[in-house]
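Step one of this worksheet: look at the structure below.
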Amino acid sequence: TNDSNGANDSGSAIVTVGALQAELALSSTAPAFPVAQSTPFTFTFHIKNNGPQTASNVILNAPIPSTLTYNSAVPGAGSCNFVGSTVSCSVGNILTGVTLNVVLNLSSTTAAGTHRVSANVFATEPDPSPTNNNGYAEIGVTGSTITVTTVAFDGGMGSLRAALGGAANGTCTPLPCT
C-alpha cells in the first residue's frame, strides 16, 4: 500500500554502548613451609579475568628481590622475560571466567627471614576494580644453625674452642658474647 504521510517515514534511536572492561584479579600460592638457604622453590601467580569482556594483552610484572635468585618463569600462555631484576610475562588474552597461572621458579639465597615477591597485572581494557591487580607471595627461609659440642675446654682462655664453648653455654669473657 501507498504511504500517504511521508513525514513519518523515518525514526531515530539512541544506543549507549559501555566501554570495554576486564576485571582482573591476582592471587598467589607459595610453599606452606619454610625452605633452607640456597634451596629452589616455586611461587605461582593466578591471574583471573572476572569479565565482563575478554582481557587482551595481559602482562604480569614481578620484581625479584636480591634476597632471592631467579631461575625461570613458566606462563600458562605466552612468554616471560627477566630483565634487570624484574620478571615480565606477556600472557596474551584471557577469556571471561578463565584463570591463567604463571609459575616462578626461584631459589633462596643465604639470607634467612621472610622474603616477598610482589606482582601486578594489567590488560588493555580498563579495570573497574584495579585494587586486586596487585598481589604477593612470601617464603620463609630458615637460617643455618651451629651446634657446638665440647669435650673439654683445653684450649685455654681466648682460644676458639673456649669461645665456641662459652657461646654455646652463654658464659663468655669478656662480655658481650657475640
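Annotations
To keep it simple, each residue is scored yes or no on (1) under 14 Å from the mean Cα position of the chain (by Cα); (2) modelled with pLDDT of 95 or more; (3) within 22 Å of F43 (Cα to Cα).
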site	(1), (2), (3)
C89	yes, yes, yes
S118	yes, yes, yes
A123	no, yes, yes
T147	no, no, no
V151	no, no, no
A163	no, no, no
T171	no, no, no
C177	no, no, no
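- Cβ-Cβ under 8 Å pairs, at least 6 apart or on other chains, the range 27-40 side among the aromatic types (F, W, Y), far side open to solvent by less than 40 Å² (accessible area, probe 1.4 Å): F33/G140
- Total residues in the range 61-105, condition in a loop (DSSP other than H, G, I, E, B) and either touching a Cys at 6+ places or on another chain (Cβ under 8 Å) or within 25 Å of L20 (Cα to Cα) (or both): 7
- Residue count, the range 106-118 (criterion: open to solvent by less than 40 Å² (accessible area, probe 1.4 Å) and assigned to a strand (DSSP E or B)): 6
- Number of residues in the range 32-59 that are of a type in the set (F, W, Y) and at pLDDT below 95 equals 1.
- Among the residues of the range 43-60, those identified as in a strand (DSSP E or B), among the polar types (S, T, N, Q) and open to solvent by 40 Å² or more (accessible area, probe 1.4 Å) are N50, N57.
- Of the residues in the range 21-42, at least one is part of a strand (DSSP E or B), open to solvent by 50 Å² or more (accessible area, probe 1.4 Å) and closer than 26 Å to D127 by Cβ.
The values are calculated or read from the model by the stated rules, or taken from the named source; none is laboratory data. Computed from a predicted model, the values in this text were never measured in an experiment. Methodologically, a virtual Cβ is constructed for each residue, glycine included, from the backbone with ideal geometry; neighbour enumeration extends over all protein chains shown. Keep in mind that these areas ignore ligands, DNA and RNA; they rest on the heavy atoms of the full protein, side chains included. Shrake-Rupley method; radii C 1.70, N 1.55, O 1.52, S 1.80 Å.
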